[in-house]
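Below: one structure, written as structure tokens.
Please treat every number below as a calculation from the coordinates, not as lab data. A quick note: this is a predicted structure, and the numbers were derived from the prediction, not measured. Don't worry about glycine lacking a Cβ; one is built from the backbone with ideal geometry, like all the others, and counts go over all protein chains shown.
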Amino acid sequence: MAGKLRIAAFASHGGSNLQALIDGCASGQIAGEMVLVICNNRKAYALERARKHQIETLVISDTEFDSETALAQELLSQLAARSVGLICLAGYMKKMPNDVIRAYRNRILNIHPALLPKFGGKGMYGIHVHEAVLAAGEKETGVTIHLVDEVYDSGKIVAQRRVPVNPGDTPESLQQRVLEIEHQLYPETVARIASGELRLE
Ligand code: GAR
């Protein structure tokens, strides 16, 4: 693939997956450049992480817009202005507007802390996912990277890795073990996309 893949990340909170992607670009593992980080929440630590690496940041919240269409227009113009080729959702807790999904069809990835299609959908985010996995008595969980389409957590699965559930796990201990794998699988997968080894279609 000619040139570096221009990546934008969307995050809402701590941004540890964003950090893994930034580090992957900086080390050369990913033939890409993180050119923009968008957060819906101005207190997100993800913004701080981006600024430390001189990556442009924007706070764009749906609450500032009258309609989903207006929000989508703003997002699309910011993405186009930076010639973004791939969008990585990294703990982004808002639904991506449909107009953005259409414009970036097969070019938006999300990371989810379970083995989709299990433990996905409404209310399944962050620690709630791990609580549900433990409540269901699962022996294993994992990490899923999938394409984002109009239906929450239902897009085509691009990569998955299993993680054992150990006796005595708490939601927090499980979250920690899953996060370690997220931080490996996300940069590995984006690297395969940037190199052209993995085609998203
Ligand atoms: C990660 O575990 C990610 O998989 C999850 O939120 C966490 C964000 O952590 N995403 C979802 O639950 C999406 N449904 P981070 O801000 O430290 O990357």
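Just grab the label-to-label distance for A70 and R161, each label 7 Å out from Cα along the Cβ direction, in nm (one decimal).
4.2
Along the charge dipole of the chain, Cβ charges K/R +1 and D/E -1, which of M124, H13, A103 sits furthest on the positive end?
The residue sitting most towards the positive pole is A103.
Assign one of three labels to the range 1-43, namely rounded, prolate or oblate, based on the Cα gyration tensor with a ≥ b ≥ c the square roots of its eigenvalues; rounded applies when a/c is under 1.5, prolate when it is not and a/b is larger than b/c, and oblate otherwise.
oblate
Work the Kirkwood hydrodynamic radius out for the chain: mean of 1/r over every pair of different alpha-carbon atoms, inverted, in Å.
17.1
Using 7 Å Cα-to-Cβ label points, what is the V59/E180 separation (nm, one decimal)?
Taking the simple label geometry, V59 and E180 are separated by 3.5 nm.
Taking the highest mean first, how do the peptides 11-17, 27-33 order by number of other beta carbon atoms within 10 angstrom per residue?
Ranked by mean Cβ neighbours within 10 Å, highest first: 11-17, 27-33.
How many percent of DSSP beta bridges within the range 62-201 run antiparallel, rounded to 5?
Close to 80 percent.
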